[in-house]
Amino acid sequence: QVTGYLDDCTCDVETIDAFNNYKLFPRLNELLESDYFRYYKVNLKKPCPFWNDNSHCGIRDCAVKPCPSLLYNLPSPPRCFSTQYSEEANNLAEECEEAERLGAVDGSLSEETQAAVVRWTRHDDSSDSFCEADDIHSPDAEYVDLLLNPERYTGYKGPDAWKIWNSIYEENCFKPQTVKRPLAPGRGESSIHLAKSLGNLCVEKRAFYRLISGLHASINIHLSARYLLQDTWSEKKWGPNVTEFQQRFDEVLTRGEGPRRLKNLYFLYLIELRALSKALPFFERPGFQLYTGNKIHDAEIKALLLEILHLAKSFPLHFDEKSFFAGNKKEAAKLKEEFRLHFKNISRIMDCVGCFKCRLWGKLQTQGLGTALKILFSGNLIEKIPESGPSYGFQLTRQEIVALFNAFGRL
């Protein structure tokens, strides 16, 4: 059990748990199972930009099975026949229906709406982006059904996996040089030493470190919760691996650092929850649609989305991002750009992950966090969004929206 208040926050863990478990998560889970949010377009074939590494995971469970029919011109994903989330379904290529119908702009849409859809898919907001986004028009980009390719332990570990986190913590994360990456028993600093070292950093750099630590903790929890417990010719069985969880989070085994990692997970949750609440005006506009081609379904999902966002806004102890990048404007702008480029670099490191399923979920969750940061630091632009017509000052692509809500769902 993790109790008490979080560092750099006025929020306590019990309040977060109660809000998430009894109000938010049941509705969010329903949203993520909808057609719009379950399909994520990703390029898993991009080469690693930092080192030559062709050592891809040869384990069968590292593979990702994409939906074979690709749609390049619309924000809508393909709709697949299979709705059974069995092992058989996970190992078979899903046949896509009505690809030709979905491959063209719906003729029932007005010219203005069609133009907005085209602008949405082509919009380039790289100057505000915290992530290195995939080119969804690339021939190598494919839609992946996230429900049929769940995040879980695949057997990917060892030097290749450690190299990824080494690069993230040692080269791309704001932290004191005396603090080593907190991964395994005996490798991290004591909780007291770490707290003292981080206390010497400015609030923005402390937050950056805690976000990365929280993301790392989240991924480790997912892998511990859906661990490959049995692998025989007749059966595969996934389930909770308590020993694995204890090695990463037990207070004694981690020299006091485990509970702090878990609190960093809560810190990450608060950051993304705050982003959802701030994004409400963007999604609330009458002209915004979660377009899949099914008007009735689209309206229902938008209503559910707005319900979730209003719930997020009702949270009583939101993180206050106003303390970020305050003070001297020139220095603040420099620090913000440094912050953005560090995170963008981490998103590029995801293309170096050798396991394709790990790469898929790593890319999605970093893009989700990057989108949350983009929203937090574009607050003044979001407030100026007109109720009708296109939003030129602030925009979110379909990829960013899907990543934002699925990443939050993992937390």
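Structure above, values below:
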quantity: Relative contact order (percent, whole number), segment 232-387, Cα cutoff 8 Å, 6+ residue spacing; calculated: 26
quantity: Cα-based radius of gyration of segment 350-411 once divided by 2.2 N^0.38 Å, which approximates compact folds; calculated: 1.33
quantity: Point-to-point label distance, Lys236-Asn328, nm (Cα→Cβ direction, 7 Å offset); calculated: 5.5
quantity: Inter-site label distance for Tyr22 and Ala299 at 7 Å from Cα along Cβ, in nm; calculated: 3.4
quantity: Radius 12 Å from Cβ of Phe288, net charge of other residues (Lys, Arg +1; Asp, Glu -1); calculated: 0
quantity: Full-stretch length increase - Glu170, Glu338 - with 0.36 nm per residue and alpha-carbon distance subtracted; calculated: 58.9 nm
quantity: Contour excess over end-to-end distance, with Cα ends at Ser138 and Asn52 and 0.36 nm allotted per residue; calculated: 28.8 nm
quantity: Order by protection proxy (mean Cβ within 10 Å, highest first), peptides 232-239, 319-326; calculated: 319-326, 232-239
quantity: Average projection area in nm² (convex hull over Cα atoms of segment 273-411, one quarter of hull surface); calculated: 9.9
quantity: Sequence ranges 337-348, 397-408, ranked by mean other-Cβ count within 10 angstrom, highest first; calculated: 397-408, 337-348
quantity: Accessible surface, 1.4 Å probe, highest first, among residues Glu284, Glu331; calculated: Glu331, Glu284
quantity: Nitroxide proxy distance, nm - points 7 Å out along Cα→Cβ at Leu381 and Leu201; calculated: 2.6
quantity: Calculated log₁₀ intensity ratio I(q)/I(0) where the Debye formula runs over C-alpha points of segment 205-268, q = 0.16, 0.22, 0.25, 0.29 Å⁻¹; calculated: -0.56, -0.85, -0.99, -1.14
quantity: Most to least packed among 31-37, 162-168 [average Cβ atoms within 10 Å]; calculated: 31-37, 162-168
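The values are calculated or read from the model by the stated rules, or taken from the named source; none is laboratory data. Remember, predicted model here, so these are calculated numbers, not experimental data. Reconstructed Cβ throughout: ideal geometry from the backbone, glycine too, with neighbour counts over all protein chains shown. What goes into the accessible areas is simple: the full protein's heavy atoms, side chains included, and nothing from ligands, DNA or RNA. Shrake-Rupley method; radii C 1.70, N 1.55, O 1.52, S 1.80 Å.
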